[in-house]
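Below: the structure, in structure tokens.
The values are calculated or read from the model by the stated rules, or taken from the named source; none is laboratory data. These figures come from a predicted structure and were not determined experimentally. We place every Cβ from the backbone using ideal geometry, glycine too, and count neighbours over all the protein chains shown.
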Amino acid sequence: MHTGHYISGAGHLGLIAFLLFGGVFRPDPEPFEMQEVSVLSAAEFDALVAASQSAEPPSEAVQSETPPAPAETPEPEIQQPELIEPEAPEPDPVPEQPAPTPPPVPEVSEAAPELPEPPAEVAVIAPEVAPVAVPRPVDRVAPEAVAQPDPEARPDVVEQEAATPDAPAEKVVDEAQEATAPEEATTEIVTEAAEAPKAAPNQSARPPARRPTPPAPQVAEAVETPDPTPKPDPKPTPKPDPKPAEPKVDTDAVAAALAEALGGEDKPAKPAPAAPTGPPLSSGEKESLRLAVSACWNVGSLSSEALRTTVVVSVQMNQDGTPQTNTITLTGSSGGSQAAAGQAFEAARRAIIRCGSRGYQLPVDKFGQWQNIEMTFNPERMRIK
Amino acid sequence: MILRVVSICLALICAVAGTAQAQQGPLRIEITEGVIEPLPFAVPSFQPESGDAGQMAVDLARVVSEDLVGSGLFREIPASAFISTVSDFNAPVQYADWKAINAQALITGAVSVSGNTLNVKFRLYDVFSGAELGSGLQFSGTVDGWRRMAHKVSDAVYSRITGEGGYFDSRVVYVSETGPKDNRQKRLAVMDYDGANVRYLTDSASIVLAPRFSPTGDRILYTSYESGFPRIYVLDIGSVQRRVLESADGTMSFAPRFSPSGNTVIYSLTQGGNTDIYTMDIGSGQSVRLTNTPAIETAPSYSPDGSRIVFESDRSGSQQLYVMSASGGEAQRISFGEGRYGTPVWSPRGDLVAFTKQNKGRFHIGVMRLDGSEERLLTASFLDEGPTWAPNGRVIMFARETQGTGGSSSLYSVDISGRNLKPVRTQEGGSDPSWSPLQN
């Protein structure tokens, strides 16, 4: 069983031992090879040369030494040339001859390539100086000078104004009254403030665009809610009856289906009337309702504190899309005092009633979904900034 | 594996059940965008309930309408658009007729005159709610004070609709200016907030500056050069009696303002070339030095609770605003924008400071919070200066001077939102306005 462990342990021990004591097996560094060199004087050298001409055996030793000699030539070369010249073909004298010759010069020319010192030329230095001469500052001065003409331009404006009086005087009277307002506005950087009221009419124009659509349902609903409004036109009372009946059938069917789905027999009867029925409102339909109420939600007369108050308002709707005004209640508020919540609620209630007076554009077949609506009026974006 | 399947199924069931739950209950929508526009209202002529109250009834309704429209928060529907009229103050309101012309508020009133006594009563209706907004009120006063009663009706209407106090039954003291710039005659004047009932308090024999109302509205502090150098005076509006606040010889005292209690005056005093802020007990005349720096420190203004002051100082090298305890101590700088800030005034609500700002050759009236945040410039012109708050902290009045040798100074007002900038009607030029509290 433990054979493997033993083997492994042995192997590791061996490895550790090798690492610790492996130096023992490290080969000794090879000793430096030392060669003794004897320095010969000129006289001795001459004697040796003379001997080499007669006897060869010693020549080997001499030859073996000669090669290093040229390596050391630098110092002895100066001395040897004088001695060697008369003797002839010794290679040593050769290098001396080239010294006076011009050919080596061209070799020196190779050193010239070092001239690529051009970096020193760094003609780039010149450009650094050049930019200083750029006359850019002149451009900067120019615009300042342009500013001066402004006062001179005034006379022109005056002349133009003198011409305007020629326009129809009566019409100008009306414009003069309006001119007072623009002056106030123009003096203000607070143009944002001026933009807000401009945006208002754009939104107030929305409701009428949606109102025309719910004609038929209104008649039907007017029948159902005769008490609140003195509008009950005795027109097509019979027609409305069948229409509302249809959605009722649907709600019952859905309620029954829900009852079956839940598997309870007692529950379905109770939740059916309270729970919203019919298909849910699409996001577009919800958005349409939201925009319709927004168009009438006027916060221009609210106090600063009321503008910090979010109110939740619940309302029950008639099938014709009109709100039941007596059901509009404040169900919650946050961010302000009770008084501020009351002011915010009043503005919200006015919005619901005003834009709902002709009925919100809501699908009748989904009445069960919007019969009860809870609206949260959050004025965070409408605060003074 | 089985457990995972079961748990996933349970999660799906819960999700479906949650969705079903969410679909139950009312339809919920959130409205975050509305419109900002004046609220349309209708003011039929008030009903005269006595024979000689006919013209008074018409005038009262006109002043009420002017007040509301002048605030910028309301828009009057002209009488020519009325479908029905109000012939009896106690008759039921035909809401449908007023809805048809989009009148969101309806104000009805009745006037009766008995000798020198004038009685005014009014009702406010929320047309689209089909109900009365608050209960009816009645005011009684002298015939001469009919404008004040109209202002009181306006204040009540304004307060019921906006939820904040009104400012119509108030007055403004200012420096009335006549003549060319090089020879301008200045005198103190007091008027209704809308420029009516002007009354002069001093003559033009000497230069007067910076009048300030007391918290009770019965006294005025101002600076006069009557003695050749600036001194602070206290003037009783009713008797027009005045007295100088004592200060040492060789000193100049100016920029006075009452404390909220009305018993203390805070002001600037220049002595030996150095200007610092002092307080003085009006009764005893004892003064206390609040600042002691080589800088020029002036234009102090109390917080509504009297615990702190805001003032201007150039201790940092440029004119800036500082807040400090009313008893002195270390001041905290609150203005850090470009340009120079001056003449700070604490809002009656306590949440904002109005100031004059000079930057890039233009003057602005602006507001900022006490920590210097949310700075908002409301105006811009050649020279705007000297803001003063309306009693409700919603409107600011200031002086605007036009450019050139023929330029003149006049009073303007603006909503703190920057809207509704308009001139205040005065018989002559005006500067240094100071708004009084609401009158009793």
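Some notes on this structure:
- If you go through the stretch B:368-380 and keep only what is surrounded by fewer than 24 Cβ atoms within 10 Å (Cβ to Cβ) and touching an Asp or Glu at 6+ places or on another chain (Cβ under 8 Å), you end up with B:Met368, B:Arg369, B:Leu370, B:Ala380.
- Positions within the stretch B:72-92 being without any contact (Cβ under 8 Å) to a residue 24 or more places away in the chain and within 14 Å of another protein chain (Cβ to nearest Cβ), in sequence order: B:Pro92
- Top-ranked residue in the stretch B:162-192 [being buried (at least 24 other Cβ atoms within 10 Å of the Cβ) and of a type in the set (A, V, I, L, M); ranked as nearest to the other protein chains (Cβ to nearest Cβ)]: B:Val172
- Residues being buried (at least 20 other Cβ atoms within 10 Å of the Cβ) and of a type in the set (Gly, Ala, Ser) - total across the stretch A:310-332: 1
- Candidates B:Gly418, B:Gly429 - the one that is modelled with pLDDT under 95, within 27 Å of B:Phe168 (Cβ to Cβ) and out of contact with any helix residue (DSSP H, G or I) (no Cβ under 9 Å at 6 or more places or on another chain): B:Gly429
- Options A:Ser314, A:Ser333; residue that is of a type in the set (Gly, Ala, Ser), assigned to a strand (DSSP E or B) and more than 9 Å from chain B (Cβ to nearest Cβ): A:Ser333
- With respect to being more than 8 Å from chain A (Cβ to nearest Cβ), hydroxyl-bearing (Ser, Thr, Tyr) and farther than 16 Å from B:Met191 by Cβ, B:Thr426 falls outside the description.
- Given (1) closer than 20 Å to A:Leu362 by Cβ; (2) touching a helix residue (DSSP H, G or I) at 6+ places or on another chain (Cβ under 6 Å); (3) within 8 Å of chain B (Cβ to nearest Cβ), number of the condition A:Ser303 does not satisfy: (1)
- Filter pass, B:Gly238 being part of a loop (DSSP other than H, G, I, E, B), on the phi > 0 side of the Ramachandran plot and of a type outside the set (Val, Ile, Thr): no
- When residues in the stretch B:25-59 are screened for being touching a strand residue (DSSP E or B) at 6+ places or on another chain (Cβ under 6 Å), away from chain A (no Cβ under 13 Å) and not in a loop (DSSP other than H, G, I, E, B), 8 of them pass.
- Answer residue from the stretch A:336-362, given it is in a loop (DSSP other than H, G, I, E, B) and under 43 Å from the mean Cα position of the chain (by Cα) and is farthest from the other protein chains (Cβ to nearest Cβ) among those: A:Gln361
- Among the residues of the stretch B:116-138, those identified as within 14 Å of chain A (Cβ to nearest Cβ), assigned to a loop (DSSP other than H, G, I, E, B) and not aromatic (Phe, Trp, Tyr) are B:Val127, B:Ser129, B:Gly130, B:Leu133, B:Gly134.
- Exactly one residue among B:Gly350, B:Gly337 is in contact with an Asp or Glu (Cβ under 9 Å, 6 or more places away or on another chain), farther than 24 Å from B:Pro437 by Cβ, touching a residue at least 24 places away in the same chain (Cβ under 8 Å) and surrounded by fewer than 19 Cβ atoms within 10 Å (Cβ to Cβ), and that residue is B:Gly337.
- There is at least one residue in the stretch A:363-376 that is in contact with a Gly (Cβ under 6 Å, 6 or more places away or on another chain), facing chain B (nearest Cβ under 9 Å) and in a helix (DSSP H, G or I).
- If you check B:Val93, B:Val58, B:Val86, B:Val63 for being modelled with pLDDT of 95 or more, more than 13 Å from B:Pro38 (Cα to Cα) and out of contact with any Asp or Glu (no Cβ under 8 Å at 6 or more places or on another chain), only one passes: B:Val63.
- Test result for A:Asp320, in a helix (DSSP H, G or I) and more than 10 Å from chain B (Cβ to nearest Cβ): no
- Entry remark, the stretch B:374-387: residues being within 19 Å of B:Ser335 (Cβ to Cβ) and either out of contact with any strand residue (DSSP E or B) (no Cβ under 9 Å at 6 or more places or on another chain) or more than 7 Å from chain A (Cβ to nearest Cβ) (or both) number 7 in total.
- The criterion of being among the polar types (S, T, N, Q), within 30 Å of A:Leu307 (Cα to Cα), surrounded by fewer than 24 Cβ atoms within 10 Å (Cβ to Cβ) and within 14 Å of chain A (Cβ to nearest Cβ) holds for B:Ser159.
- Looking only at the stretch B:388-410, and only at residues there that are part of a strand (DSSP E or B) and within 23 Å of A:Glu305 (Cβ to Cβ), the one that is farthest from the other protein chains (Cβ to nearest Cβ): B:Thr388
- One residue stands out among those in the stretch A:320-363 that are without any contact (Cβ under 8 Å) to a residue 60 or more places away in the chain and out of contact with any strand residue (DSSP E or B) (no Cβ under 9 Å at 6 or more places or on another chain): the one that is nearest to A:Ser283 (Cα to Cα), which is A:Gln343.
- Taking the conditions (1) without any contact (Cβ under 8 Å) to a residue 60 or more places away in the chain; (2) surrounded by 14 or more Cβ atoms within 10 Å (Cβ to Cβ); (3) closer than 22 Å to A:Ala339 by Cβ; (4) away from chain A (no Cβ under 14 Å) in turn, B:Gly141 satisfies each one other than (3).
- Members of the stretch B:139-169 found to be of a type in the set (S, T, N, Q) and over 24 Å from B:Gln104 (Cβ atoms), listed by number: B:Ser140, B:Thr142
- Any hit, the stretch B:175-191, residues being assigned to a helix (DSSP H, G or I), touching a Gly at 6+ places or on another chain (Cβ under 9 Å) and over 21 Å from B:Ile266 (Cα atoms): yes
- Considering B:Val265, B:Val244, the condition of being among the β-branched types (Val, Ile, Thr) and surrounded by fewer than 22 Cβ atoms within 10 Å (Cβ to Cβ) is satisfied by B:Val244 alone.
- Look at the stretch B:93-115: where a residue is away from chain A (no Cβ under 14 Å) and of a type in the set (Asp, Glu), no partner that is surrounded by fewer than 24 Cβ atoms within 10 Å (Cβ to Cβ) and in a loop (DSSP other than H, G, I, E, B) sits 6+ places away or on another chain with Cβ atoms under 9 Å.
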